[in-house]
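Read the structure below first, then the notes.
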Amino acid sequence: MNIHEYQAKQLMQKFGVATPRGDVASTPEQAESIARALGTNNLVVKAQIHAGGRGKGKFEHGFQGGVHLCKTASQARDIAAQMLGKRLITHQTGPQGRIVRKVLITEGVDIQRELYFAILLDRSISAPMIIASTEGGVEIETVAAQNPEKIIREPIHPTLGIQPYQTRKLARKLQFGSTDMRAACRLFAALYRLFIESDCSLVEINPLVQTKGGDVLALDAKFNFDENALFRHPDILAMRDPDEEDPREVEASKYHLNYIGLNGNIGCMVNGAGLAMATMDIIKYYGGEPANFLDVGGGANEEQVTEAFKILVSDPNVKAILVNIFGGIMKCDIIAQGVINAYRTLERQEQRLVPLVVRLEGTNVDKGKELLRQSGLPLEAADDLADAARKVVAAVQNQKK
């Protein structure tokens, strides 16, 4: 789950991470009121979408940039009016862009230098890792490619946590002087506490700035969370913005389905994450393109299977569907009945239907296959995974002829 910059700012303030003053607005009038309350002639207006590259982005109506500097409250209002309700296009959104529904109004800061600071879960060492650099304000991938010697890595012991000597070590490597080191160390420790206590998988501050007045501030932030731990954080879960997510993924989450939309044309419905990955791989192997990752889970019921099938068909890019089920906990007859119900529901609603290939193995497989045979549905049965992949790829290719 991702959150907006203004929400990240609120979360950082909760843990004592220093950030510029500001607030979020959803109307131009609110933007003007916030700017006036800040009492400064150095203001920043930032579009709030789940995408990077906002500063270099452009709006569909021609307005340039999702980040603007201004001096007066009336200018903040006018800039907000150009952003709110408009579609911002960046290198991360793709050509379709994202609609800006909120803007963040903050005080500008007198920046002396920009740094990079991130905490992530390094699975290769099964521990948190701090990544930092004196080259902030640009993508860290660019720094790693062009100046790898400027990337600082500091592993953190998973049970001991970040130690004072490590914060001082990081501050020295980031070239903080003796007068600024205490503020930097305090900010590093606060960010690590936020990372652990909020069950984050990533906390990225870019840029982390040192001002000419000696302050150390988190100017912009990106957060990712461990979705398996969100049940412990209803306050963070409440920050979810469905408008910024794939509507198919939002719909799938209502039924506790593990769905990730992709750009292909073969819909996949599988039980088990490993089998789902293998199914996607073998579709690629035989020349096809999977349209999604969809794991209905080991304990899915008939309703979940029905809704999963509906989500697949609702994707206009899907030209054929492969159902690949190995029944262990999940029974093949439950899957079969769910597919039948979903197909007939779509027929009654006169929605489009696509070729269907089904491969069933495992618990109640004979009963499941018999249900499909008796249903009269226009589907192809497959003997094994390779056979299923060949048939579903052929079904798509035949539509192109």
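Being closer than 23 Å to LYS222 by Cα and assigned to a helix (DSSP H, G or I) is the filter here, so list the residues in region 147-172 that pass it. PRO148, LYS150, GLN166, THR167, LEU170, ALA171, listed by residue number.
Identify the residue in region 188-238 that is crowded, with 16+ Cβ neighbours inside 10 Å and polar (S, T, N, Q) and, among all such residues, is modelled with the lowest pLDDT. Among residues in region 188-238 that are crowded, with 16+ Cβ neighbours inside 10 Å and polar (S, T, N, Q), the one modelled with the lowest pLDDT is ASN206. Kindly establish whether LEU377 is more than 21 Å from ALA273 (Cα to Cα) and modelled with pLDDT under 90. Criteria met by LEU377. ARG390 meets all of the listed conditions (1) open to solvent by 60 Å² or more (accessible area, probe 1.4 Å); (2) within 36 Å of the chain's Cα centre (by Cα); (3) modelled with pLDDT under 90 but one, namely (3).
Here the strands (runs of 3 or more DSSP E) wholly within region 1-115 that include at least 1 residues being of a type outside the set (Lys, Arg), over 22 Å from the mean Cα position of the chain (by Cα) and within 26 Å of ALA189 (Cβ to Cβ) are 22-25, 103-107. In this structure, does ARG182 turn out to be more than 18 Å from GLY52 (Cβ to Cβ), at pLDDT 90 or above, open to solvent by 80 Å² or more (accessible area, probe 1.4 Å) and touching a helix residue (DSSP H, G or I) at 6+ places or on another chain (Cβ under 7 Å)? No. Of the residues making up region 239-260, those that are within 24 Å of GLU5 (Cβ to Cβ) and either among the charged types (D, E, K, R) or surrounded by 17 or more Cβ atoms within 10 Å (Cβ to Cβ) (or both) are MET239, ARG240, ASP241, ASP243, GLU244, GLU245, ASP246, GLU249. With the condition kept exactly as written, say whether any residue in region 225-239 is free of Cβ contacts under 8 Å to residues at least 24 places away in the same chain, charged (D, E, K, R) and within 30 Å of ILE260 (Cβ to Cβ). The answer is yes; a qualifying residue exists. Only one entry in GLN112, GLN163, GLN146 is of a type outside the set (Val, Ile, Thr), open to solvent by 20 Å² or more (accessible area, probe 1.4 Å), more than 20 Å from SER201 (Cβ to Cβ) and modelled with pLDDT of 95 or more, namely GLN163.
The values are calculated or read from the model by the stated rules, or taken from the named source; none is laboratory data. Note that the coordinates shown come from a computational prediction; the quantities given were computed from them, not determined experimentally. Using ideal geometry, Cβ is built from the backbone for each residue, glycine included, and neighbour counts are taken over all protein chains shown. Accessible surface is based on the protein model in full, side chains and every heavy atom, while ligands, DNA and RNA are left aside. Shrake-Rupley method; radii C 1.70, N 1.55, O 1.52, S 1.80 Å.
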